[in-house]
Amino acid sequence: MVKIRSKKPLASIQPPSISIMEILAMAIAALWSNKLRTALTMLGVIIGIMAVIAVTSVGQGVQAATEANLQNLGADVLQIRAGAANSGNISQGRGSATTLTWSDAQAIASQVTVADTVTAYLEHTAQVVYGENNTSTTILGTDTDYLAVNNITLQSGRYFTEAELTEAQAVAILGATVRDDLFGTDSEAIGANIRIQGQRYSVLGVANEKGAQGRENPDEQIYVPLTNMSARLVGNNALSGIAVQGIAVKVTEQAHLEAADFQMTNLLRVRHNIHPAKGDEDDFEIVSAADLVETLTSTVGLFTIMVAAIAAISLIVGGIGIANIMLVSVVERTREIGIRKAVGATNQAVLSQFLAEAIAIAAAGGVLGVGLGVAISGIAATLFDFPVVIALWAIALGVGLSFVIGIVAGVIPARSAAKLDPIIALRSD
């Protein structure tokens, strides 16, 4: 008797499984065969991720530079600015009125307990001439404590003395840029005579290069005795004493800034006969470098959020682009899908391939976007002179977002491909 072996029913026969590496290989091959379409599909993701990295880096670089400038400006320094003058009912800006005097600064130095060093200053723009060279720059009338309060040091020569200040001597200290414009070297500058508004001044020293500090650049300034400037260059004396545009106060400790602000406000109100209870407004303004930096940091933060929102929109657009292209790809490759399913490919295998293609496009776009973002950050830092700060979390976020976009954008096209009927798909042209 012949035994007939039983055969397994067709329904129990399982198609061979496909490894993840094989799925990736097929996805990459499919994408490589349509290089232009793949590149254009990646573009939205590249721009979005690039913007996220670049904006984050530039924002943090500007913040780091701002914090460094805070140290240069003096985190323990308060600036008192004179009130604003009005011409034809138009404000001329803070510091334009003669509401502060040198005697105010001297009163603060003697009566404000937490004040360490106090200096007053008066600014004026004038033409400076030496031989055939000339430049228009800021002349700063100061007292003997100005350099110490503002962390300015000399590279050669000396600063003027208390006696030269009292006698209103015609002496000057040059900023590094002014020295370069007029002389070229320190040896030529020290002891030379320059002319400011036609008045002769003897150069005593040259300050070390410091760089721009907000809207001002100490390297482009000339320092002369406050008494001399008031008498010979400006002549805007107040009714009592010498009018100044500002007073800088260095406190004993940074923790005493609030106490110094309170004490100086009350002292100046008494000296200027200001009564807030009667509705009088202060004719001065007290600010600190920390306040300026906080304002700037807040502005940079808002700008960063705004551009990051635009980058997020770009990422969404990129994801929609990937989904659209993948849906078009499903239509174009209907016959290919039918053949694969006819020879045993499961719905899961087809879904995995199309999902892998979408993820590969997004991941490649993410990597390129990160690279371009880092490159743009470096270029921007070099051009605008701030430190390069690349946050690892931003890179991780960029790469992670690209994978998420790939998965989200690839699900619908992949499901559409997997659900195709092989008979109908094979009939497609």
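The values are calculated or read from the model by the stated rules, or taken from the named source; none is laboratory data. Just so you know, these numbers come straight off a predicted model, no measurement behind them. Glycine gets a Cβ as well: all are built from the backbone with ideal geometry, and neighbour counts include every protein chain shown. To get the accessible areas, we keep the full protein, side chains included, count just its heavy atoms, and leave off ligands, DNA and RNA. Shrake-Rupley method; radii C 1.70, N 1.55, O 1.52, S 1.80 Å.
Using 0.36 nm per residue of separation minus the Cα-Cα distance, give me the extension gain between Gln127 and Thr185 in nm, one decimal.
Going from the current span to full extension adds 18.9 nm.
Place the peptides 272-285, 165-178, 105-118 in order of packing, highest mean first, counting for every residue the other Cβ atoms within 10 Å and averaging per peptide.
165-178, 105-118, 272-285
Is there a quick way to get the dipole size of region 152-224? I mean about its Cα centre, with the Cβ of Lys and Arg at +1 and of Asp and Glu at -1; what is the value in debye to the nearest 20?
Rounded to the nearest 20 debye, it is 100 debye.
Using Cα pairs under 8 angstrom and six or more residues apart, how large is the relative contact order of the chain, in percent?
Rounded, it is 28 percent for the chain.
Could you sort 398-407, 261-270 so that the peptide with the highest average Cβ count within 10 Å comes first and the rest follow in order?
Listed from highest to lowest mean packing, they are 398-407, 261-270.
Is region 303-381 best put as rounded, prolate or oblate by its Cα gyration tensor, with a ≥ b ≥ c the root eigenvalues, rounded for a/c under 1.5, and otherwise prolate when a/b is larger than b/c, oblate when not?
It is prolate, given that a/c is not under 1.5 and a/b is the larger ratio.
Among Ile322, Gly365, Thr334, whose Cα lies farthest out toward the positive end of the dipole of region 278-402, if unit charges sit on the beta carbon of Lys, Arg (+1) and Asp, Glu (-1)?
Thr334
Report, in debye and to the nearest 20, how large the dipole of region 300-429 comes out about its Cα centre when Lys and Arg carry +1 and Asp and Glu carry -1 on their Cβ.
460
Compute the distribution of all C-alpha to C-alpha distances in region 280-429, in bins of 10 Å from 0, and list the percent of pairs in each, rounded to whole numbers.
P(r) for region 280-429, in whole percents per bin: 10, 27, 22, 15, 12, 8, 4, 2, 1, 0.
On average, how much accessible surface per residue is there in the chain, in Å², for a 1.4 Å probe, leaving out ligands, DNA and RNA?
With all protein chains present, the chain gives 53 Å² per residue.
With θ set to phi - 60° and the Karplus curve 6.51 cos²θ - 1.76 cosθ + 1.60, what are the ³J(HN,Hα) couplings of region 298-306 in order, to the nearest whole Hz, using x for Gly and Pro?
Values per residue, Gly and Pro as x: 4, 5, 4, x, 5, 5, 4, 4, 4 Hz.
Give the calculated FRET efficiency between Ile407 and Leu267 to the nearest 0.05, with a Förster radius of 51 Å applied to their Cβ-Cβ distance.
0.20
Taking the structure as given and computing Cα Rg over 2.2 N^0.38 Å, which label from (i) 1.62; (ii) 1.57; (iii) 0.91 fits?
The value matching this structure is (i).
Which of Asn150, Val171, Thr113 sits closest to the plus end of the dipole of region 107-172, meaning its Cα is farthest towards the positive end, when Lys and Arg get +1 and Asp and Glu get -1 on the C-beta?
Asn150
Could you order the peptides 375-388, 323-336, 353-366 from most to least packed, using the average number of other C-beta atoms within 10 Å per residue?
353-366, 323-336, 375-388
What is the distance in Å between the Cα centroid of region 147-170 and that of region 310-358?
Cα centroid to Cα centroid, the span is 75 Å.
Cβ under 15 Å from Glu167's Cβ, Glu167 left aside: what net charge do those residues give with Lys, Arg +1 and Asp, Glu -1?
Residues close to Glu167 contribute a combined charge of -2.
Restrict the search to region 114-199; then list the trypsin sites (Lys or Arg not before Pro) that DSSP places in a loop and that have at most 11 other Cβ atoms within 10 Å of their Cβ.
In loop regions of region 114-199 (DSSP not H, G, I, E or B), the sparsely surrounded trypsin sites (Lys or Arg not before Pro) are Arg158.
Pick out, from Tyr201, Thr135, Leu24, the residue whose Cα sits farthest towards the positive end of the charge dipole of the chain, with +1 on the Cβ of Lys and Arg and -1 on the Cβ of Asp and Glu.
About the Cα centre, the residue reaching furthest to the positive side is Leu24.
Starting from the residue with the highest accessible area, list Tyr159, Tyr130 in decreasing order, probe 1.4 Å.
Tyr130, Tyr159
Would you kindly state how much longer the chain becomes between Ala163 and Val328 on full extension, computed as 0.36 nm times their sequence separation minus their alpha carbon distance, in nm to one decimal?
50.8 nm
Can you compute 3J(HN,Hα) from phi for each residue in region 318-334, using the Karplus curve 6.51 cos²θ - 1.76 cosθ + 1.60 with θ = phi - 60°, rounded to whole Hz and x for Gly and Pro?
Couplings: x, x, 5, x, 4, 4, 4, 5, 5, 5, 4, 5, 4, 5, 5, 10, 4 Hz.
Just check region 165-296 against the gyration tensor rule for me: Cα atoms, a ≥ b ≥ c as the square roots of the eigenvalues, rounded for a/c under 1.5, and otherwise prolate or oblate depending on whether a/b exceeds b/c.
Because a/c hits 1.5 or more and a/b fails to exceed b/c, region 165-296 counts as oblate.
Where the accessible area of the chain is counted over protein heavy atoms with a 1.4 Å probe, how much of it, in %, is carbon and sulfur?
Carbon with sulfur: 60 percent of the solvent-accessible area.
Quote the charge dipole size of the chain about the Cα centre in Debye, to the nearest 20; the model charges only the Cβ of Lys and Arg (+1) and of Asp and Glu (-1).
Charge dipole, the chain, about its Cα centre: 3740 debye, nearest 20.
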